[in-house]
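Engineer: Input: one structure, supplied below.
The values are calculated or read from the model by the stated rules, or taken from the named source; none is laboratory data. Computed from a predicted model, the values in this text were never measured in an experiment. Every residue, glycine among them, receives a Cβ derived from its backbone with ideal geometry; neighbour counts consider all protein chains shown. Only protein heavy atoms, including side chains, enter the accessible area calculation; ligands, DNA and RNA are left aside. Shrake-Rupley method; radii C 1.70, N 1.55, O 1.52, S 1.80 Å.
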Amino acid sequence: MLHPKSAARIQTIPETIFATMSALAVEHNAVNLGQGFPDFDGPGWIIEEAYQAMKAAKNQYAPLHGTRTLREAVAGYYAKSYGIEADTEREITVTSGATEALYASITALIDPGDEALMFEPFYDAHQANVLLAGGTPKYITLHKPDFTFRTEELERLISPNVKLLILNNPQNPLGKVFTREELETLASYAVENDWIVISDEVYEFLTYDDAEHIPIATLPGMRERTITISSTGKTFGLTGWKIGYAVAPPELTAAIRKVHQFTTFAVNTPGQIAMGHALGRLDKYLPEFREQYARKRNMLHNGLLKGQFAPHMPRGSYFMMVDIPSDLGMNDVELAQTLVKQHGVAVIPPSVFYGSSDEGGSMLRLCFAKTDATLQAGLEKLVEV
Ligand SMILES: Cc1ncc(COP(=O)(O)O)c(C=O)c1O
């Protein structure tokens, strides 16, 4: 129950499904394949760096826009991996996770009455932040079975009120990686209609097989209109440290920092120092990281084939969608409740990530950022249904 004096604009904000399902998982002592974080620790060498920084008295406020070494490390890999040159003083802002970068960016841009286009299923914070800012989310469905969008559906939403296009690539929950052709289509609409694009790329390093992550900011006409957001929590499996960043041209960065200065002001110092160090060693770190997740993806996929939940093979992220067999006679919310209460496995019902289509009701989202033992235990429970 909300306090009766709560602001009107928060009345429509639901409790995040991740908190709901994780609480149910604890209550029923269930295997948690729901919330998107690893159930194993991040690399010891990064933790050691943070510890050393703490012991070296790096414990006071960091600069508002982030420690110099972390901003330099972000600029370094953007230049090397993507050919994007970012000015460390005027174009990179370190935030408390990608979550704060999203909040600051959307709050900085959306006025009441503005519209923001987003793909559904969406990441729930994208929708919530637009609502909190008094804006209106508009949804473009990524349709089953291959999770593509129809340009005519996008065109129907074009209006002078649209200010933002919010993209998540690689995509949570679908595991979709947008192709160059798809991104070019989106870029042409953004340029033609003068939209700002917020591109949430927290799974930028988790692509599989021949899928290539292409930041939309690298396409012609996009660098000057794109805010690219990422998260060291996802990249290094240390989600609890909440260190993310936004890379954007100077005027957009100035707008983001206006919100950031009075939201968190600065992000924890030892963690930033450690992450600056870690991002400088991506070349060494990434092959094993990617290999580990590709193996977990295959393990979950192959295990699911023995049961009745048909998996959609993801090309990115650490999520997998599965189809609910129609003869179970349950939608995703009913089945997720049954699974956690009667079968001891927590999953996410994705219909909460849709604003217009009902396609989500026929699927479940599983997370494979889990130890092999957790995956095995979860699979055993899913296969017995
Ligand atoms: C698409 C997406 N964006 C942002 C976040 C939040 O990132 P952070 O933990 O860095 O705040 C998540 C976490 O699950 C996510 O899946």
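Conditions tested, residue by residue: (1) more than 25 Å from Glu184 (Cβ to Cβ); (2) in contact (Cβ under 8 Å) with a residue 60 or more places away in the chain; (3) more than 16 Å from the chain's Cα centre (by Cα).
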position: Gly221; (1), (2), (3): no, no, yes
position: Thr235; (1), (2), (3): yes, no, no
position: Thr239; (1), (2), (3): yes, yes, no
position: Tyr245; (1), (2), (3): yes, yes, no
position: Ile256; (1), (2), (3): yes, yes, yes
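Engineer: Could you please let me know if Thr151 is in contact with a Phe, Trp or Tyr (Cβ under 9 Å, 6 or more places away or on another chain) and outside the structural domain of Phe37 (by TED's automatic domain parsing)? Before you say what the answer is, go through the steps one by one.
Structural biologist: Values: in contact with a Phe, Trp or Tyr (Cβ under 9 Å, 6 or more places away or on another chain): yes; outside the structural domain of Phe37 (by TED's automatic domain parsing): yes.
Judged against the criteria, Thr151 is a match.
Engineer: Name every residue in region 152-180 that is assigned to a helix (DSSP H, G or I) and under 16 Å from Gly316 (Cβ atoms), in order of residue number. Outline the logic, then answer.
Structural biologist: Within region 152-180, the first condition is being assigned to a helix (DSSP H, G or I), and the residues that meet it are 152-156, 180.
Of everything in region 152-180, just one residue is assigned to a helix (DSSP H, G or I) and under 16 Å from Gly316 (Cβ atoms), namely Arg180.
Engineer: Something else about it: May I ask you to list the residues in region 90-143 that are more than 12 Å from the ligand (Cβ to nearest atom), assigned to a strand (DSSP E or B) and open to solvent by 10 Å² or more (accessible area, probe 1.4 Å)?
Structural biologist: Residues satisfying the conditions are Glu115, Thr136, Pro137, Lys138, Tyr139, His143.
Engineer: Check region 178-197 and report whether any residue there is buried (at least 18 other Cβ atoms within 10 Å of the Cβ), within 21 Å of the chain's Cα centre (by Cα) and of a type in the set (S, T, N, Q).
Structural biologist: No: zero hits.
Engineer: Are there any pairs, at least 6 apart or on different chains, whose C-beta atoms fall under 9 Å, with the first in region 29-54 and farther than 24 Å from Ser317 by Cα and assigned by TED's automatic domain parsing to the domain that holds Ile348 and the second in a loop (DSSP other than H, G, I, E, B) and of a type in the set (Gly, Ala, Ser), and if so, which?
Structural biologist: Asn29/Gly344
Engineer: Of all residues in region 74-88, which are part of a helix (DSSP H, G or I) and either surrounded by 13 or more Cβ atoms within 10 Å (Cβ to Cβ) or outside the structural domain of Leu219 (by TED's automatic domain parsing) (or both)? So that I can check it myself, show each step before the final result.
Structural biologist: Applying the first criterion (part of a helix (DSSP H, G or I)) to region 74-88 yields 74-82.
Within region 74-88, Val74, Ala75, Gly76, Tyr77, Tyr78, Ser81, Tyr82 meet the criteria.
Engineer: Okay, moving on. Provide a single number: the residues in region 290-300 that are surrounded by fewer than 17 Cβ atoms within 10 Å (Cβ to Cβ) and either touching a strand residue (DSSP E or B) at 6+ places or on another chain (Cβ under 9 Å) or within 30 Å of Gln52 (Cα to Cα) (or both). Please lay out each step first, then the result.
Structural biologist: From region 290-300, those surrounded by fewer than 17 Cβ atoms within 10 Å (Cβ to Cβ) are 290-292, 294-295, 298-299; that's our starting set.
Now restrict to residues that are either touching a strand residue (DSSP E or B) at 6+ places or on another chain (Cβ under 9 Å) or within 30 Å of Gln52 (Cα to Cα) (or both): 290-292.
Qualifying residue count, region 290-300: 3.
Engineer: Cβ-Cβ distance below 8 Å, separation of 6 or more or different chains: which pairs start in region 124-142 with a residue that is in the same structural domain as Ile110 (by TED's automatic domain parsing) and end on one that is among the basic types (Lys, Arg)?
Structural biologist: Hits for this filter: Leu131/Arg9; Leu132/Arg9; Gly134/Arg9; Gly135/Lys163; Thr141/Arg150; Leu142/Lys176.
Engineer: Does region 323-330 contain at least one residue that is buried (at least 21 other Cβ atoms within 10 Å of the Cβ), within 30 Å of Gln60 (Cβ to Cβ) and not small (Gly, Ala, Ser)? Lay out the reasoning, then the answer.
Structural biologist: Within region 323-330, the subset buried (at least 21 other Cβ atoms within 10 Å of the Cβ) is 324.
Checking the rest, the ones that are also within 30 Å of Gln60 (Cβ to Cβ) come to none.
Scanning region 323-330, I find no residue that is buried (at least 21 other Cβ atoms within 10 Å of the Cβ), within 30 Å of Gln60 (Cβ to Cβ) and not small (Gly, Ala, Ser), so the answer is no.
Engineer: If you scan region 23-49, which residues turn out to be within 14 Å of the ligand (Cβ to nearest atom), more than 20 Å from Pro121 (Cα to Cα) and of a type in the set (Gly, Ala, Ser)?
Structural biologist: Gly42
Engineer: When only residues in region 302-317 that are under 17 Å from Val177 (Cβ atoms) and crowded, with 17+ Cβ neighbours inside 10 Å count, which is farthest from the chain's Cα centre (by Cα)?
Structural biologist: Residues of region 302-317 under 17 Å from Val177 (Cβ atoms): 311-317.
Subsequent filtering for residues that are crowded, with 17+ Cβ neighbours inside 10 Å retains 311-312, 314-317.
On the way: Pro311: 20, His312: 19, Pro314: 15, Arg315: 15, Gly316: 11, Ser317: 9 Å.
Of everything passing the filter in region 302-317, Pro311 is farthest from the chain's Cα centre (by Cα).
Engineer: Only one of Lys258, Lys234 is basic (Lys, Arg), away from the ligand (no atom under 14 Å from the Cβ) and either open to solvent by 10 Å² or more (accessible area, probe 1.4 Å) or outside any loop (DSSP other than H, G, I, E, B) (or both). Can you tell me which? Full working, then the answer.
Structural biologist: Values: Lys234 fails: away from the ligand (no atom under 14 Å from the Cβ).
Going through Lys258, Lys234 in turn, the sole match is Lys258.
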